[in-house]
Structure formats: C-alpha cells, structure tokens
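Presented below is the structure to which this report refers.
The values are calculated or read from the model by the stated rules, or taken from the named source; none is laboratory data. Values in this document were obtained by computation on a predicted structure and should not be read as measured data. Because the Cβ atoms are built from the backbone with ideal geometry, glycine has one as well, and the counts that use them run over all protein chains shown.
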Amino acid sequence: MHIIYRIATIDDYDQMMKLWTSSGGVGLGEADSKGNITRYMARNPGLSFVAFDADQLVGAALCGHDGRRGFIHHLAVQQTYRHQGIGKTLANRCLDALKAAGIDKCHLFVFSINFEARAFWEEIGWSHRSDLEVMSRYTTNNLTQGKP
Ligand SMILES: CC(C)(COP(=O)(O)OP(=O)(O)OC[C@H]1O[C@@H](n2cnc3c(N)ncnc32)[C@H](O)[C@@H]1OP(=O)(O)O)[C@@H](O)C(=O)NCCC(=O)NCCS
C-alpha cells in the first residue's frame, strides 16, 4: 500500500463527504454544503489535504485560517486505514501549510465524548484547553440549541 498525500480541491468534495459521513466523530451541518466548502477552499487555498490509496480517498482534513489563527476541521481516516500514521501526517501537513502562511497557532473542535480522537490529538502534540468553552449562535435571531 502506497499512500499519496496532496492538497485537496473541490473536486474531492464527494469523496470527502462520503468519508466524513461514514467516519463517526465528524460533526456535519449546513456549513458543509458543496457551495460552502467551495467558498472555504477558495478563501484558504493550499491548506486542506487528502490521502489516497490508488484512486480511493482514505483520509481528509479541512484547514483554513482567519488571518490570525488556524483551524483544522473534519480530520478523518477510513476505518481500515487507521493506525498507520495517516491522520498524523494529514494534521501535520495542515500545520506546515499554516506555518508557511505565517500562522503560528491552530485550534480545532472535538466532541467531548470523542475520547479516541482526543487521545489521538494529545498523542500527536495538541493540548486540551480546559480554560475554554465553545459558544455558538446563528447570525439570524434563531438560537442554535447546540447545532454545529
Ligand atoms: C482520529 C483519526 C483521524 C486518527 O487517524 P489515524 O490515521 O488512525 O491516526 P494515526 O495512525 O496517525 O495515529 C497517530 C497516533 O495517535 C494515537 N491514536 C490514534 N488513534 C487512536 C485511538 N483511537 N485511540 C487512542 N490513540 C490513538 C496513537 O498513539 C497513534 O500512534 P500509534 O498508532 O503509533 O500508536 C481516526 O481515528 C478517525 O478518522 N476517527 C474518526 C473521525 C474523527 O473522530 N475525527 C476527529 C475529528 S476532531
């Protein structure tokens, strides 16, 4: 098995969505429509990465920044390809690309009950922030009720 890593493009969208939908632990919502991901990638060129085994997408990470901090979203590796360093490589590709863009720190969201992912992130050098809570709301008057 030879895994190829490359920058993600919007042409990968269908395969990325299929992976994210089947992975568990990835919070998907209306923000992940093809139109929104197209806009996200256009605003953050060269920062998201995919992993392929031949023509099969087996890993993906969406990454961007707001000018001051980076964010990694939706890192996932296909079940049968886990524990081979693919997740770590994708995350580190994102960090390297952020660093090259002049961004020196990156954040991510992980569900509190996603203990496996939390262990993964800590294992590859990320720190849990016990001093922060996430707060969200829609830009309309609707309350979010915790939806992503
Ligand atoms: C989290 C995820 C991306 C990790 O991908 P992966 O390719 O298996 O991770 P790696 O092989 O790079 O793991 C690197 C290290 O992290 C640790 N790690 C990985 N998966 C772990 C798990 N389930 N439990 C505990 N530690 C884990 C291990 O120490 C591993 O090194 P080792 O295999 O040499 O012991 C993958 O499990 C996944 O897709 N999960 C479902 C989606 C998800 O929850 N994504 C996170 C969103 S925040």
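Quick look at the values:
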read-out	value
Looking only at the stretch 60-91, and only at residues there that are within 17 Å of residue 10 (Cβ to Cβ) and not aliphatic (A, V, I, L, M), the one that is surrounded by the most Cβ atoms within 10 Å (Cβ to Cβ)	63
3 or more residues within 12 Å of the ligand (Cβ to nearest atom), under 11 Å from the mean Cα position of the chain (by Cα) and at pLDDT 95 or above: qualifying helices (runs of 4 or more DSSP H) within the stretch 1-115	86-100
Subset of the stretch 6-21 [of a type in the set (Ser, Thr, Tyr) and in contact (Cβ under 8 Å) with a residue 24 or more places away in the chain]	9, 13
Residue in the stretch 29-45 that is within 19 Å of residue 117 (Cβ to Cβ), among the small types (Gly, Ala, Ser) and surrounded by 18 or more Cβ atoms within 10 Å (Cβ to Cβ) present	no
Count of the stretch 35-68 residues which are among the hydroxyl-bearing types (Ser, Thr, Tyr) and more than 14 Å from residue 95 (Cα to Cα)	2
One residue from 126, 121 being in contact (Cβ under 8 Å) with a residue 12 or more places away in the chain and in a loop (DSSP other than H, G, I, E, B)	126
